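Below is one structure; the comments refer to it alone.
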Amino acid sequence: MQGLMMNVPLTITALMRHAERLHGDQEIVSVTADAPLHRYRFADCFARARRLANALAQLGVQPGDRVATLAWNDYRHLELYFGISCSGAICHTVNPRLFAEQLVWIFNHAEDRVLFTDPMFLPLIEKLKPQLPALEHVIVLTSAAAMPQSALPGLLCYETLLAESDSEFDWPMLDEETAAVLCYTSGTTGHPKGVLYSHRALVLHAYAAGLPDALRITRDDTVLPVVPMFHVNAWGVPYLATMLGIKLVMPGPKMGDGETLARLMDDEGVTAALGVPTVWQGLLNYLRSSGRRLKTLKNIAVGGSACPLALMKAFEEEQGVWTLHAWGMTETSPLGTANIPPSNFAELPPEEQDFIRASQGRPVFGVELKIVDGQGRTLPWDGRAFGALKIRGPWVCRGYYRMAHSDAHDADGWFDTGDVATIDPRGYMTITDRTKDVIKSGGEWISSIELENIAMSHPQVAAAAVIGVHHPKWDERPLLIIVSAPGESPAAADLLAHFAGRVADWMIPDAVEFAEELPLTATGKVSKLTLRERYADYVLPPTA
Ligand code: AMP
């Protein structure tokens, strides 16, 4: 017997309607290329999204068409999120930091017909356009007054397009499984893979992210997403803010600028912010060098790569800001786990507290996790056994866009994350590595993340990465690469001595190299691939 409840589709359109009625007057503040600080309200955003929908129809965009965006976090990008997806088209967010060849591949694979771009990416598009046969229209996200000169024929101006479009639009009733957003992962091997989010998945993800014990963000927060809207929908923050009526502060092109972030936080009363560890390290460096103390910030959610414990403690001790470690992927919309400490956290011994804080947290209801060994056998949640991390749930992808088969999904529908992890009896999951970053030394596995965490707790270290380099006897041994803290020049021997007693002796890196900075990927993570290439011929000291 079936239940007798209504089957109302879970769509972004419903989110938008809800926000318009209930918190249309909530503020959205943005830094943009053509206005240092733009402010308006959710109701304005949705009114302009309706004009945008009319404009898209005028341009011939059909349901299911891919419409690309190449833009930073600001109000116009938010309008695109809603205007495109709620028209029934697919908002394809493209990462402008990718290499030109990757961009061409992605645009052509998605067959984007229309592209909305921030003015600063126009020179890039001018260069790529001859290689993009499907692309019919390019619209610059700016006002007529700020329209850049360009050799591209038929270039359109966003503000002119909106001004000339009708303000009334009847949003179509969409099936909740309709595709809403497309985002490509930039894997280190093979072509990028397209993750195609449905309206339903995005709404369910917003519900989950809005639970009190997920990201700890509520209606009373003012939120600054420093995670780009071109990377997994800024971790779903735009939808969460729309659902709950949260004031949004968007940093535009100033994502990596500690001074601007601190000013925005203080001026706009930001209480919660989200981003990758490198962003928070940059902000911390700025706060330390300027001696500034943030006035209103309470929580930062950090994910995308492992957050060193030392960084979390520094924010807590120096700024009174709590760091919430979370884990997820493009393929998981992205929220998979969130680190909410147990209720008895304060009574736990310090090393147990550290263990919990450094872990990636527990699965949020809706997703299930398991770890498996090389034969696919499920491993226990004992905090010791580590294996390939698999996930399933309603906001986890079940395939990739225009890819007939993917090895990432097993016969039972579990998705292999490519991460290696342990899970403790309470459900705290700790990523020990990406499968390809694990250091395999004489048949044993060494966690590069664990070694990096230890290195980062050394007071003279600003950034650390550990990679495996070839060793004639052990196959691979760990090499530690360090960026020294400003004004410091730690000795290699001191750095290695710091590992003693913190990890088994055979896991201690064999050598240390010093670098000015660590190479980053297009999503702001340390690029281990680049480091491995850089140190491919590295010869370890003979004592190892
Ligand atoms: P992406 O799809 O580009 O967002 O990358 C997802 C990958 O980032 C995951 O599979 C992990 O390897 C890594 N990742 C995300 N969050 C964390 C975290 N909190 N700690 C360690 N690795 C993370």
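The values are calculated or read from the model by the stated rules, or taken from the named source; none is laboratory data. All figures in this text were calculated on a predicted structure; none of them were measured in a lab. All Cβ positions, even for glycine, are placed from backbone atoms using ideal geometry, and neighbour counts span all protein chains on display. Remember, those area values only see protein heavy atoms, side chains included, never the ligands or the DNA or RNA. Shrake-Rupley method; radii C 1.70, N 1.55, O 1.52, S 1.80 Å.
In the chain, which helices (entire DSSP H runs) extend 18 Å or more along their own long axis, judged by Cα positions, while averaging at least -0.5 on the Kyte-Doolittle scale?
Answer set is 42-58, 277-290.
Straight distance only, please: which aspartates and glutamates reach the Cα of Lys528 with their own Cα at less than 17 Å, same-chain residues fewer than 8 apart left out?
Lys528 reaches Asp419, Asp433, Asp437, Glu450, Glu452, Glu476, Glu513, Glu516, Glu517, Asp537.
Under the rule that an exposed site lies in a DSSP loop and has at most 10 other Cβ atoms within 10 Å, name the longest stretch of the chain with no GluC sites (Glu not before Pro) of that kind, not counting the sites themselves.
My reading of the result: 169-515 is the longest stretch.
For region 153-243, with the dipole built from +1 on Lys and Arg beta-carbon atoms and -1 on Asp and Glu ones, taken about the Cα centre, which of Leu174, Cys157, Leu215 lies farthest toward the positive end?
Positive-most Cα among the choices belongs to Leu215.
Quote the FRET efficiency, to the nearest 0.05, computed for Arg502 versus Asp424 with a Förster distance R0 of 30 Å and r equal to the Cβ-Cβ distance.
0.95
Over 21 Å apart: what share of the alpha carbon pairs of region 97-211 falls there, rounded to a whole percent?
54
Distance from the Cα centre of region 428-470 to that of region 133-162, in angstrom?
46
What FRET efficiency, computed as 1/(1 + (r/R0)^6) with R0 = 30 Å and r the Cβ-Cβ distance, is obtained for Asn108 and Leu520, rounded to the nearest 0.05?
Calculated value: 0.70.
What does the charge add up to near Gly83, with Lys and Arg as +1, Asp and Glu as -1, over the other residues with Cβ less than 12 Å from its Cβ?
Its environment carries a net charge of +3.
Using the Cβ atoms and a cut-off under 13 Å, what net charge is assigned to the surroundings of Arg200, where Lys and Arg are +1 and Asp and Glu are -1?
Net charge in that neighbourhood comes out at -2.
Can you compute the radius of gyration and Dmax for region 218-299, using only the Cα atoms, both in Å?
12.2, 38
Could you work out Rg/(2.2 N^0.38 Å) for region 209-356, with Rg from alpha carbons only?
The reported ratio for this selection is 0.99.
Report the semi-axes of the equivalent ellipsoid for the chain in whole Å, largest first, where each axis is √(5λ) for an eigenvalue λ of the Cα gyration tensor.
Taking √(5λ) for each Cα gyration eigenvalue gives 39, 25, 25 Å.
Restricting to the chain, what percent of DSSP beta bridges are antiparallel, rounded to 5?
Counting DSSP beta bridges with both partners in the chain, the antiparallel share is about 55 percent.
Treating region 439-534 as a set of equal point scatterers at the Cα positions, no solvent, please give the Debye-formula log₁₀ I(q)/I(0) at q = 0.14, 0.15, 0.22, 0.24 Å⁻¹.
-0.48, -0.56, -1.16, -1.34
At 1.4 Å probe size, what's the solvent-accessible area of Leu22? Round to the nearest 10 Å².
Its heavy atoms expose roughly 110 Å² to the probe.
Quick one: grab the alpha carbon gyration tensor of region 359-508, order the square roots of its eigenvalues as a ≥ b ≥ c, and give me rounded if a/c is under 1.5, else prolate or oblate depending on whether a/b is larger than b/c.
prolate
Could you report the accessible area of Ser406 in Å², rounded to 10, computed with a 1.4 Å probe on the protein chains as they sit in the structure?
20
Please compute the Kirkwood hydrodynamic radius over region 12-319, one decimal place, Å, based on all pairs of different Cα atoms.
Averaging 1/r across every pair of different Cα atoms and inverting gives 19.8 Å.
Find how much the distance from Leu156 to Arg534 grows on full extension, using 0.36 nm per residue of separation minus their present alpha carbon separation; answer in nm with one decimal.
This chain segment gains 131.8 nm when fully extended.
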